[in-house]
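See below for the structure under consideration.
Values in this text are rule-based calculations from the coordinates and carry no lab data. What you are looking at is a predicted structure, and each value in this text was computed from that prediction instead of being measured. Using ideal geometry, Cβ is built from the backbone for each residue, glycine included, and neighbour counts are taken over all protein chains shown.
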Amino acid sequence: MATPVSAIPEVSTICSALVACSQPAVKIRDALRVTFRSGLTRPIAWCQHQLYQLARMAQNVRELICDALKKDLGKPKTMVLMSEVGNIIKEAVKSAEWLPIWGCSSMQQAVTY
């Protein structure tokens, strides 16, 4: 059954809601850009630390991830731990270990945004 036209919100209402929701995201984006442009993210040690923190976060919130994927997709906990959380941890740690090789000066390219 089609949605009655009277039930569809006005475009201005939708746009106002989207703008209100996006304000925090814009502030976060702007702060991240300032951080990137400051050069803080260039050292390999900083990048490695971030990757290790990602692995640690996946370990710390693994139960929340399992619960969410069980609720949303019906995935069993064991499958989530092996195929989702385990891969996040494995790839983050592996990437942190390889980062010095990938980041050697002969491979670096300047990136500007």
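Taking into account only those residues within segment 68-104 that are surrounded by 12 or more Cβ atoms within 10 Å (Cβ to Cβ) and among the β-branched types (Val, Ile, Thr), which is farthest from residue 50 (Cα to Cα)?
80
Could you give every pair whose Cβ atoms fall below 8 Å, whose first residue belongs to segment 47-58 and is closer than 19 Å to residue 102 by Cα, and whose second residue is not in a helix (DSSP H, G or I), counting only separations of at least 6 or pairs across chains?
47/41; 47/103
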